[in-house]
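Okay, structure first, notes after.
The values are calculated or read from the model by the stated rules, or taken from the named source; none is laboratory data. Since the model is a prediction, treat every value here as computed from it, not as a measurement. Backbone-built Cβ (ideal geometry, glycine too); neighbour counts: all protein chains shown. Surface areas here come from the heavy atoms of the whole protein model, side chains and all, with no ligands, DNA or RNA. Shrake-Rupley method; radii C 1.70, N 1.55, O 1.52, S 1.80 Å.
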Amino acid sequence: ATLLLHLGDLEGSLDAAMRGYRVAVDRGLSEAFGAVVVATAAWDLVRLGRWSEADELLAGATLRPDDPMTGAAATVRAWLAAARGRWADATALLDTVSGEALAAAPGASWLAIATAAATLTSAGQGRLRDARDRLRAGLRTIDAMGAPSTIAGLATLGLTVEADAAALARERSDLAALDDALDVAQELAARARSVLEAAALGGTAATQEDGD
């Protein structure tokens with residue numbers, strides 16, 4: 001499931017994750033091994049636009065509260081809550097999650113998903129500077145290990161935050177805040193372009209090697 005996810009095959013990743021979860025349930029191992037499998041399948045469903053199915057899967061899963069991998073499932077719940085404007089729910093779920101556990105969990109970039117949820121939650125409540133800080137901190141943490149699409153996705157989310165910050169600064173005639181928003185936006189756009197160009201060059205090099 002993890003390999004297929006990184007290859008961009010969401011349907012294949014979802015199928016593999018669900019088959020793995022059914023095997024764990026059949027063998028009575030769902031509490032021991034189900035958390036990351038459920039989280040992976042739920043995130044695939046989210047990315048496919050099947051949010052209600054992700055809700056049902058997460059709600060029906062039996063997960064151990066003391067399992068550090070359960071944080072991955074909580075992260076998906078937090079993202080769904082933030083995307084629906086349920087700020088208090090998102091915050092409560094994120095408060096249960098350990099960054100170290102997320103970094104160690106196999107599968108999707110759970111730290112990136114948690115960063116996105118936290119950024120959405122702050123921005124949705126009008127706390128744009130906090131949203132900026134959360135996103136930039138997340139990018140610094142993820143930068144060394146994140147896939148180009150993950151980093152570019154977070155940077156793009158940051159651009160929406162800075163667009164809101166710039167609009168607010170214009171309304172208030174706050175030139176300093178406007179300059180800050182523009183500077184950060186340029187920084188994020190450059191970061192996204194850099195990682196995507198590097199990925200494209202890497203793909204071109206691999207293709208040339210295959211041809212040789």
Can you pull the percent of region 53-186's accessible area that's carbon plus sulfur, 1.4 Å probe, other chains left in place? 53 percent
Starting from the Cα-Cα distance between ARG64 and ASP95, subtract it from 0.36 nm times their residue separation and give me the gain in nm to one decimal. 9.5 nm
Count charges around ALA152 for me, please; just the other residues with Cβ under 11 Å from its Cβ, Lys/Arg as +1, Asp/Glu as -1. +1
Rg and Dmax of region 121-196, Cα atoms only, in Å: 12.4, 40
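For a protection proxy built on the mean count of beta-carbon atoms within 10 angstrom, sort 84-95, 131-142, 39-50 highest first, please.
By packing density, highest mean first, the sequence is 39-50, 131-142, 84-95.
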Regression test value, accessible area per residue of region 89-141, probe 1.4 Å, units Å², expected 45 Å²
Three semi-axes of the equivalent ellipsoid, region 36-75, Cα gyration tensor, whole Å, largest first: 18, 10, 6
Cut-off 14 Å, label point 7 angstrom out along Cα-to-Cβ of GLU171: give me the residues of region 107-128 whose amide nitrogen falls inside. 124-128
Between SER52 and ASP130, what is the label-to-label distance in nm when each label sits 7 Å out along the Cα-to-Cβ direction? 3.3 nm
